[in-house]
Amino acid sequence: MSRPARRRAVPAAPRIPPARIALYAALTLLLLFACIEGVLWLAGTQTLAEERDPSLGFSGLKLFERDRARGVYATSARAVRHSANYQEFALDKPKEGLRVFTVGGSSAYGFPWGAKVAFPSLLGRALAASLPGRRVESVNAAAMSYGSTRLRAVAGEVEDYDPDILVIFEGHNEFVEESLQRKLAEIPAAPTRGLLDHWRLYAAMTRTVERMRPKPQEAQAPEGGKSLGELLGIDVVRQTARFVGEPAKSEAAERLRTNYAAILDGARKRGTAVLLCTVPWNESGWAPNQSVFADTTPLPARRLTETAIAQAEDLLARGDAAGALALLEPARTAAPEYAETWFRLGQACEALGRWDDARAAYRTARDHDAMPTRVTSAMNDAIRSLGTEPGVTLVDVEHLFEREAPHGLVGFDLVEDYVHPNPRGHRLIARALWEAILSRGLAGVHEPADPAVFEAALGPLEDATAGAEGSPQLLYNLGIVLERQGRIEDAVRQFRACLERDPRYVAAAYNLGRLLHKSGRFEEAAAAHRQALAADPRHVLSLVGLGEALRATGKVDEARRAYLSATEIDAGNAYAWNGLGATLAQGGRPAEAEAAFRRALALEPQRPDIRTNLGWALLDQHKPVEAEAVFREAMQARPDHLGTRDGLARALAETGRVKEARDLFEETLRLAPDDRDAAEGLARLRGR
């Protein structure tokens, strides 16, 4: 009897531990998310953080591009065209190499001579001489007119290149991009989501939900939803803010502090040493750009101040500094906010050998400037306070220049114009940075800062100005300096010479047009502004300048089109709206003019000329009661403004208050006997 076949036992499948199953599932999900993130990255989807955080760079518009064939990073052609010096450094940081980056504006850039004369280049040569056997890369990543917001973006890019040392040198450009700051302020603050802000999938999902959810018009993102990087761009359209009051100056100092603190925090996380510099300025040789009376300063005090300044200038020219000082001190008491009074006081004290008083007066004049183009005391103080943080070395260049200048009054001996160091100034800055790096061991070794080594590495001070005599940058810079000295025709010649060498130099063409307009040469001014617009059709200031020139020659329709283009490019430009309103009024369209003036006034409510223009537009529509209220508001800011006084008198006459109108006309003629409008208005009233 045969035995039944024995069944072979089938081995049981191995039991996978639950922990391993969970791990496999997590890895699968992670791989899936990584693939999705990669696809979205290739598609150009930005994270939410990239739309809000300036420290993450320019969102693809980088200063430096990879050149694999040559094995270097090089400044992009787009950046070199208008904003940055050409620089290059190795793709792979050399072993035992020292990599130093400098970020800043035109002073660190080396304007008007360029990178060769600028302190970052001198610093690199001195470090190479002090550290034989090591490859030193000192990269000038400064760009023209860059303020702290842009530096934060540049520093975000620079940190990707593994710097050992970061030099920060800027403080003059917090007011030059008024429209940019306005656009940035319009971006709503994004709530903190931590890691989610850095996921492209989350960003895509969030934007999908936001598109499906209807929003009120005012909640829409500015500029058609552009990211912050797109709003920044590479090139600065320089728009210097005018009539900057103390609140705006405090806000700018706080903005600089916030941006620099973010840069320092990023450097600490990467282990980058930071040299933070205060910024020097021309104290004794450069008058304030704009002096403004406070709204509360009465008319007699204004008249006293203006008369004292005019007489003091004459006395100073004749060598009577004591007489000038005697006139200016009552004016300072009458209107302490008026910047030019303090500047003339500084000149008088300097002529009398009262050096400390002169320095204090010049500093106050600088801080009261209502159109700031020089670093304020608050900004340098903010830089000094940040210089005490861990990992930061403060290099007080402002005090360095004062120590080097005769009697501590920095002028053209160290500064080329109003802020840009001359070759001697750049050499001083380079030496101070070189000494700080060696003495504090920031290059990895402590080396004695031997002055002989520094001087031997750089050689004798070169006459860089003579060598760059034909450069467009220098010719442009000379034009600006000559204008500040009152030599308008000489400045015009310099701007023309600059354009002969570079016909697409937008700033030169714009400034040429501006000076020609001031000289009454309106056709030539229009041609200069058109040249600027041929190079940059979106240059708002040139569009406004073109509109002004066309309006002055009676070409009202062409002027209106120029102003309209300016408002479409920058709807926050008060000058464009004010010019458009004036053109509409000139063309017999007072209702439309009123709307334009109201837009301008909403943007710059402190400007009495806009308010006066609005009052006249109301009068042209036979609205004397409304016009009276507007003129009275304008009178509070500028009681001596003739157009405002004449408009108010006319409004009073049209409401039947003839005696008040006559009295105001007569008072105006006592203040300004040549005021033709007041004389004609008074004659009409007497004729009644």
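All of the numbers you see were taken from the coordinates with simple rules; none came from a lab. None of the values given here were measured: they were computed from a predicted structure. Cβ atoms come from the backbone with ideal geometry, glycine included; neighbour counts cover every protein chain shown.
Evaluating 6.51 cos²θ - 1.76 cosθ + 1.60 at θ = phi - 60° for every residue in segment 616-623, the Karplus couplings come out as 5, 5, 5, 4, 5, 9, 6, 10 Hz, glycine and proline recorded as x. Across segment 416-548 the C-alpha pair distances fall into 10 Å bins from zero in the proportions 12, 30, 22, 15, 14, 6, 0 percent. Calculated FRET efficiency, Q606 and R318, Cβ-Cβ r, R0 35 Å, to nearest 0.05? The value I calculate is 0.40. Remark: the T28-A683 segment gains 226.6 nm on full extension, using 0.36 nm per residue and subtracting the alpha carbon distance. With the cut-off at under 16 Å, measuring from each backbone N in segment 661-684 to a point 7 Å along the Cα-to-Cβ line of L299 picks out 661-679, 682. Between amide H atoms placed 1.01 Å from N, distances below 5 Å from L98 occur with R135, V136, E137, all of them 5 or more places distant or on a separate chain.
Quote the FRET efficiency, to the nearest 0.05, computed for R68 versus V445 with a Förster distance R0 of 22 Å and r equal to the Cβ-Cβ distance.
0.10
Here the Kirkwood formula, the inverse mean of 1/r across different C-alpha pairs, assigns segment 399-439 a hydrodynamic radius of 10.6 Å.
Between R530 and A261, the simple label model (points 7 Å from Cα in the Cβ direction) yields a spacing of 5.2 nm.
Please compute the length gained on full extension between S385 and T307, using 0.36 nm multiplied by the number of residues separating them and subtracting their Cα-Cα distance.
My answer for the length gained is 24.0 nm.
Dipole size of segment 299-368 about its Cα centre, with +1 on Lys/Arg Cβ and -1 on Asp/Glu Cβ: approximately 80 debye, rounded to the nearest 20.
Determine the shape class of segment 367-406: with a ≥ b ≥ c the square roots of the Cα gyration tensor eigenvalues, call it rounded for a/c under 1.5, and otherwise prolate if a/b is greater than b/c, oblate otherwise.
The shape class here is oblate.
Quick one: Kirkwood hydrodynamic radius for segment 341-494, alpha-carbon pairs, angstrom, one decimal? Computed over Cα pairs of segment 341-494, the Kirkwood hydrodynamic radius comes out at 18.2 Å. A simple spin-label model places pseudo-atoms 7 Å from Cα toward Cβ; at D160 and A351 they are separated by 5.7 nm. The alpha carbons of segment 299-368 stretch over 33, 27, 14 Å along the principal axes, in descending order. Here the extension length gained between E96 and T333 equals 79.2 nm, from 0.36 nm per residue of separation less the Cα-Cα distance. Short-range pairs are left out: with C-alpha atoms under 8 Å and at least six residues apart, the relative contact order of segment 481-596 is 16 percent.
Summing charges over neighbours of D162, with a neighbour being any other residue whose Cβ is under 9 Å away from its Cβ, gives 0 when K and R count +1 and D and E count -1. By the Kirkwood approach, averaging reciprocal distances over each pair of separate Cα atoms, segment 482-559 gets a hydrodynamic radius of 12.2 Å. With R₀ set to 30 Å, the beta-carbon distance separating L564 from Q621 gives a calculated FRET efficiency near 0.90.
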